[in-house]
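*Asks:* Shown below is the structure under consideration.
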Amino acid sequence: MQWCHQASNTEELAADCTNATGTDRIDIFYVGNSQQPRVQAGHKYDSTWHGQVSAWMTDELFTEWARSFNTHIAATKQKRVLLIIDNASVHNTLYTLKLSHVSVLFLPPITTGHLQPLDQGIIASLKRRYRTARDATIAVEKLNSNNIETHTNLHTARSLSDKKWAEMKSSVIINCWKHADILAPAALDILNAALEGDVTSAEALQDVGVQEAEDKLYHEAELAYEAAETALDKLVAATSLLCFQSSTSQPTTQ
């Protein structure tokens, strides 16, 4: 199972994606307001960079990411994965985009903070580790050159982010997925085995828990619809239910 999350600041947006065991972390997808930042010229990164005037994810950029993700999954010879994602408008391209190795499941409205694993501590951990490394880098530069600057350039920021994403312990990712309470019992058993060192259990997630996860999220949407008190809330919840019906009836054309 895979996840996509967007975290932005004043200069760039970074989209992160990982499976439940942390063994398949997709390279960070950066979007900045410059097509080719000069400070990055000549450097190699474990991530991709795309320019957009507002430094924000557009339909075209997200479609590019989704196709790249599908290509990555196909190259790893996995049968198929379930991409769990929120219902941001930019993600609507997944309804018509044909992906050979990816099924898509949209989260019910207003549940991202509760059900999205990256929001359960993965992004917070990445930011914390990045800031610690950034502060250490600034301190060293001050000692070596008497530099009074208190910020890092784009090259350093991207390099540190890539490094800390790759170095994050799999146990952090696993525990956050467990805390999200989104996986079926069989999948949780696999995660517990992975925590104990059985890293090969990641492969088993390809075949277990997908339908159970879909059923659980659809049930969440049904409860949200039943609990809705206003016409607007009913409309939002009904839209979510239609999302689930669409995703389950046409799994290859999300």
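The values are calculated or read from the model by the stated rules, or taken from the named source; none is laboratory data. These numbers were taken from a predicted model, which means no experiment stands behind them. Positions of Cβ are backbone-derived with ideal geometry, glycine not excepted, and every protein chain shown enters the neighbour counts.
*Asks:* For region 62-79, how many residues meet the condition of being in contact with a helix residue (DSSP H, G or I) (Cβ under 8 Å, 6 or more places away or on another chain) and of a type outside the set (S, T, N, Q)?
*Replies:* Residues meeting the conditions: 2.
*Asks:* Sticking with this one: Collect the residues in region 148-171 that are surrounded by fewer than 16 Cβ atoms within 10 Å (Cβ to Cβ) and either touching a residue at least 12 places away in the same chain (Cβ under 8 Å) or not in a loop (DSSP other than H, G, I, E, B) (or both), keeping them in residue-number order. Break it down into steps so the answer makes sense when it comes.
*Replies:* Just the residues of region 148-171 that are surrounded by fewer than 16 Cβ atoms within 10 Å (Cβ to Cβ), to begin with: 148-151, 153, 163, 166-167, 169, 171.
Scanning region 148-171 gives THR150, HIS151, ASN153, LYS163, ALA166, GLU167, LYS169, SER171.
*Asks:* Please determine, by comparing only the residues of region 104-125 that are among the aliphatic types (A, V, I, L, M) and touching a residue at least 24 places away in the same chain (Cβ under 8 Å), which one is surrounded by the fewest Cβ atoms within 10 Å (Cβ to Cβ).
*Replies:* Step one: of region 104-125, the residues among the aliphatic types (A, V, I, L, M) are 104-105, 107, 110, 115, 118, 122-124.
Remaining after also requiring touching a residue at least 24 places away in the same chain (Cβ under 8 Å): 104-105, 107, 110, 115, 118, 122-123.
Details: VAL104: 24, LEU105: 22, LEU107: 22, ILE110: 14, LEU115: 18, LEU118: 23, ILE122: 25, ILE123: 18.
By that ranking, first place goes to ILE110.
*Asks:* Restricting attention to region 31-48, which residues are in contact with a helix residue (DSSP H, G or I) (Cβ under 7 Å, 6 or more places away or on another chain) and either touching a residue at least 40 places away in the same chain (Cβ under 8 Å) or surrounded by fewer than 15 Cβ atoms within 10 Å (Cβ to Cβ) (or both)? Steps first, answer last, please.
*Replies:* Filtering region 31-48 down to residues in contact with a helix residue (DSSP H, G or I) (Cβ under 7 Å, 6 or more places away or on another chain) leaves 31, 37, 39-40, 43, 45-47.
Within region 31-48, PRO37, VAL39, GLN40, HIS43, TYR45, ASP46, SER47 qualify.
*Asks:* Can you tell me which residue within region 162-188, out of those that are of a type outside the set (A, V, I, L, M) and over 22 Å from HIS114 (Cβ atoms), is nearest to the chain's Cα centre (by Cα)?
*Replies:* As a first pass, look at region 162-188 and keep what is of a type outside the set (A, V, I, L, M): 162-165, 167, 169-171, 175-179, 181, 185.
Keeping just the survivors that are over 22 Å from HIS114 (Cβ atoms) gives 162-165, 167, 169-170.
Working: ASP162: 14, LYS163: 17, LYS164: 15, TRP165: 12, GLU167: 17, LYS169: 16, SER170: 15 Å.
Among them, the one singled out is TRP165.
*Asks:* Inside region 50-103, can you point out the residues that are within 15 Å of LEU13 (Cβ to Cβ), surrounded by fewer than 14 Cβ atoms within 10 Å (Cβ to Cβ) and more than 17 Å from the chain's Cα centre (by Cα)?
*Replies:* Result: VAL53, SER54, GLU60.
*Asks:* Is it the case that some residue within region 174-186 is without any contact (Cβ under 8 Å) to a residue 40 or more places away in the chain and within 30 Å of GLY51 (Cβ to Cβ)?
*Replies:* no
*Asks:* Restricting attention to region 11-30, which residues are part of a loop (DSSP other than H, G, I, E, B) and either surrounded by 20 or more Cβ atoms within 10 Å (Cβ to Cβ) or of a type in the set (S, T, N, Q) (or both)? Full working, then the answer.
*Replies:* Restricting attention to region 11-30, the residues satisfying the condition of being part of a loop (DSSP other than H, G, I, E, B) are 11, 19-24.
Once the filter is applied, which keeps residues that are part of a loop (DSSP other than H, G, I, E, B) and either surrounded by 20 or more Cβ atoms within 10 Å (Cβ to Cβ) or of a type in the set (S, T, N, Q) (or both), region 11-30 yields ASN19, ALA20, THR21, GLY22, THR23.
*Asks:* Might you let me know whether region 70-91 holds any residue that is modelled with pLDDT of 85 or more and touching an Asp or Glu at 6+ places or on another chain (Cβ under 7 Å)?
*Replies:* Scanning region 70-91 turns up at least one residue that is modelled with pLDDT of 85 or more and touching an Asp or Glu at 6+ places or on another chain (Cβ under 7 Å).
*Asks:* Within the set of pairs 6 or more residues apart or between chains, which connect a residue that is under 28 Å from ILE110 (Cβ atoms) and touching a residue at least 12 places away in the same chain (Cβ under 8 Å) inside region 64-85 to a residue that is charged (D, E, K, R) and crowded, with 18+ Cβ neighbours inside 10 Å with Cβ atoms less than 8 Å apart?
*Replies:* LEU82/GLU214
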